[in-house]
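Novice: Shown below is the structure under consideration.
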Amino acid sequence: MRIRAGYEIVYDCPAPVPMMLMLNVRHERIGDMETPDLLKTDPPVPFRQYRDLFGNLCTRLVAPAGRFTMSADFVVRDSGLPDPITPDAVQHPVDDLPDDVILYLLGSRYCETERMVDLAWSLFGDIPPGWARAQAIVAYANQRVAFGYQHARPTKTAFEAHEEGTGVCRDYAHLAITLCRCMNIPARYCTGYMGDIGIPIEGVMDFSGWFEAYLGGAWHTLDARHNRPRIGRILMARGRDATDTAITTSFGPNYLAGFKVITEELPEG
């Protein structure tokens, strides 16, 4: 399967603004790229890139005063297979987890485990550990939160999403991540492209948030927003929560004047 993906993000800046971006596809997919996902800016500005502690490719630049556009448009090959289902994936005892995985059991900015641990054990303590428990958490988060862009706000935490019962994809992911961590299932946040491939068109295209849980010695893709396997995910960044994976971080005043994301299947050729 061939997928065209990209974005156009436009800012109006009253003065020059330093920015950090996480808009590149993760290095694990480089071998699948038919064309590179090169950042283009209008007007052109210099930028530099580095990899953060989570392996994400980060870009640093200074947006000039006035109208500033960032864009990319690329083609990537994909297996066309839905997210794997692994019902025999076991849950590891905490003391058997790899050292680099323990981090994903801890609370973080948007995933306040200390506020939800009692609720988590009351809901999922009787469910067999492993894949079944993780799926029960995904289903609960899916049913608990009602989707709506009007409910989005950058400060909303997992606990607040649970109590308010509304949110966007990142809120579903944060809630499920938090409940997984409370049940000693390591979980990490993911952001990237995910189009409407294989399902009816759902609305305006956007970047998507989901999560991965560590079971059976491997990380598994799970999606509390949709609660079903999906086709054509293109991962951009991973981290503890949305703090570590923000597509743009601005260090000064600016106004978002335009935002467009492209994710569509192309014919073979």
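The values are calculated or read from the model by the stated rules, or taken from the named source; none is laboratory data. Keep in mind that what you see is a predicted model, and the values were worked out from it rather than measured. Neighbour counts run over all protein chains shown; Cβ positions are idealised from the backbone, glycine included.
Novice: Tell me, which residue of region 240-269 that is of a type in the set (G, A, S) and within 21 Å of V145 (Cβ to Cβ) is surrounded by the most Cβ atoms within 10 Å (Cβ to Cβ)?
Specialist: Of region 240-269, the ones of a type in the set (G, A, S) are 242, 246, 250, 252, 257-258, 269.
Restricting the remaining residues to those that are within 21 Å of V145 (Cβ to Cβ) gives 242, 246.
Working: A242: 22, A246: 15.
Among those that are of a type in the set (G, A, S) and within 21 Å of V145 (Cβ to Cβ), it is A242.
Novice: Still on this structure: Go through region 170-208 and count every residue that is closer than 20 Å to H151 by Cβ and surrounded by 24 or more Cβ atoms within 10 Å (Cβ to Cβ).
Specialist: Qualifying residue count for the region: 14.
Novice: From the residues in region 136-166 that are touching a residue at least 24 places away in the same chain (Cβ under 8 Å) and touching a strand residue (DSSP E or B) at 6+ places or on another chain (Cβ under 8 Å), which one is nearest to I185 (Cα to Cα)?
Specialist: Among residues in region 136-166 that are touching a residue at least 24 places away in the same chain (Cβ under 8 Å) and touching a strand residue (DSSP E or B) at 6+ places or on another chain (Cβ under 8 Å), the one nearest to I185 (Cα to Cα) is V138.
Novice: I want to confirm something. Restricting to region 200-226 and keeping residues that are out of contact with any Ser or Thr (no Cβ under 8 Å at 6 or more places or on another chain) and at pLDDT below 95, which single residue is farthest from P154 (Cα to Cα)?
Specialist: Within region 200-226, the match that is farthest from P154 (Cα to Cα) is P200.
Novice: Out of the residues in region 114-160 that are within 13 Å of D171 (Cβ to Cβ) and among the basic types (K, R), state the one that is surrounded by the fewest Cβ atoms within 10 Å (Cβ to Cβ).
Specialist: Once the filter is applied, the top-ranked residue is R153.
Novice: Only residues in region 223-238 that are surrounded by 19 or more Cβ atoms within 10 Å (Cβ to Cβ) count as the first member; pair them with residues that are among the aromatic types (F, W, Y), Cβ under 6 angstrom, at least 6 apart or cross-chain, and list the lot.
Specialist: So the pair list comes out as D223/W210; A224/Y172; R225/Y172; I234/Y193; R238/F54.
Here is a yes/no grid of residues against (1) at negative phi; (2) acidic (D, E); (3) out of contact with any helix residue (DSSP H, G or I) (no Cβ under 7 Å at 6 or more places or on another chain); (4) assigned by TED's automatic domain parsing to the domain that holds L222:
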| residue | (1), (2), (3), (4) |
| --- | --- |
| V25 | yes, no, yes, no |
| D32 | yes, yes, yes, no |
| L39 | yes, no, yes, no |
| F47 | yes, no, yes, no |
| V76 | yes, no, no, no |
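Novice: For region 99-112, state whether one or more residues are modelled with pLDDT under 95, assigned by TED's automatic domain parsing to the domain that holds H226 and part of a loop (DSSP other than H, G, I, E, B).
Specialist: Taking every residue of region 99-112 in turn, none turns out to be modelled with pLDDT under 95, assigned by TED's automatic domain parsing to the domain that holds H226 and part of a loop (DSSP other than H, G, I, E, B).
Novice: Please enumerate the residues belonging to region 58-91 that are within 29 Å of S250 (Cβ to Cβ), touching a residue at least 60 places away in the same chain (Cβ under 8 Å) and under 19 Å from the mean Cα position of the chain (by Cα).
Specialist: The answer is A72, V76.
Novice: A141 - would you say it is assigned by TED's automatic domain parsing to the domain that holds A224, touching a helix residue (DSSP H, G or I) at 6+ places or on another chain (Cβ under 6 Å) and small (G, A, S)? Steps first, please.
Specialist: Working: assigned by TED's automatic domain parsing to the domain that holds A224: yes; touching a helix residue (DSSP H, G or I) at 6+ places or on another chain (Cβ under 6 Å): yes; small (G, A, S): yes.
So A141 passes the test.
Novice: Still on this structure, I have one more. Considering each of V76, V138 in turn, give the residue that is within 14 Å of H220 (Cα to Cα) and either hydroxyl-bearing (S, T, Y) or out of contact with any His (no Cβ under 6 Å at 6 or more places or on another chain) (or both).
Specialist: V138
Novice: Return the residues of region 59-76 that are under 30 Å from P229 (Cβ atoms) and surrounded by 15 or more Cβ atoms within 10 Å (Cβ to Cβ); say none if nothing qualifies.
Specialist: A72, F74, V75, V76
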